[in-house]
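Visitor: Provided herewith is a single structure, encoded as structure tokens, for subsequent inquiry.
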Amino acid sequence: MAGTVCQHCGENPATIHFTDIKDDERVELHVCEECAAAQGITNESGLPGALVGMVMAATRGASASSLQCPHCGMTWRDFRKRGRLGCPHDYEVFESVLVPLLANMHQGADRHVGRLPHGHGPESINRSERLMDLRRQLTNAVDSERYEQAARLRDEIRTLEEGVREQA
């Protein structure tokens, strides 16, 4: 392992070596002390939390590498190279690897927690979440052939959407 370069920064010699074996597949992670220290809080094992996250991401890499969007053809490798997704469907295709990645990047938060532009406060977010929930319920009601409930949900969605248009 002497002479191994840090897989995180690509510059310093790797002094911390982590090996994980999952489903008979060996995944190794080599990082320098600076990158490990910069990753933050240590866990019970003494490893920095983000380092553990990097290892988990590496172990997910095998399954992630086989993912491909049927709409735009984007692969996980393409995303890692470009840093951008190809189409709106990619969020669903890569959800299993994006959510942990984003949670790691944002200290565990998987929703926006910072400042919002004017007119996009908590009430707007609650309304958006309520609309998404109502639309899911409407789809389920129609699929289950509960048409009266679907009509009530449709009307409630319209009322909420009209309120959004009036405020805009």
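The values are calculated or read from the model by the stated rules, or taken from the named source; none is laboratory data. Everything numeric in this text was worked out from a predicted model, so none of it was measured. Every residue, glycine as well, gets a Cβ built from its backbone with ideal geometry; the counts of neighbours run over all protein chains shown.
Table: residues versus (1) surrounded by 17 or more Cβ atoms within 10 Å (Cβ to Cβ); (2) in a strand (DSSP E or B); (3) touching a helix residue (DSSP H, G or I) at 6+ places or on another chain (Cβ under 6 Å); (4) at pLDDT below 55.
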{"position": "21", "(1), (2), (3), (4)": "no, yes, no, no"}
{"position": "46", "(1), (2), (3), (4)": "no, no, no, yes"}
{"position": "51", "(1), (2), (3), (4)": "yes, no, yes, yes"}
{"position": "55", "(1), (2), (3), (4)": "yes, no, no, yes"}
{"position": "66", "(1), (2), (3), (4)": "no, no, no, no"}
{"position": "77", "(1), (2), (3), (4)": "no, no, no, no"}
{"position": "88", "(1), (2), (3), (4)": "no, no, no, no"}
{"position": "92", "(1), (2), (3), (4)": "no, no, no, no"}
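Each row is one residue, and each column tells you yes or no for (1) closer than 27 Å to residue 85 by Cα; (2) part of a loop (DSSP other than H, G, I, E, B); (3) at pLDDT below 70.
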site	(1), (2), (3)
113	yes, yes, yes
120	yes, yes, yes
129	yes, no, no
133	yes, no, no
140	no, no, no
145	no, yes, no
152	no, no, no
161	no, no, no
166	no, no, yes
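Visitor: Also, I was wondering about something else. Exactly one of (1) surrounded by 13 or more Cβ atoms within 10 Å (Cβ to Cβ); (2) at pLDDT 70 or above; (3) of a type in the set (Val, Ile, Thr) is unmet by residue 42. Its number?
Guide: (2)
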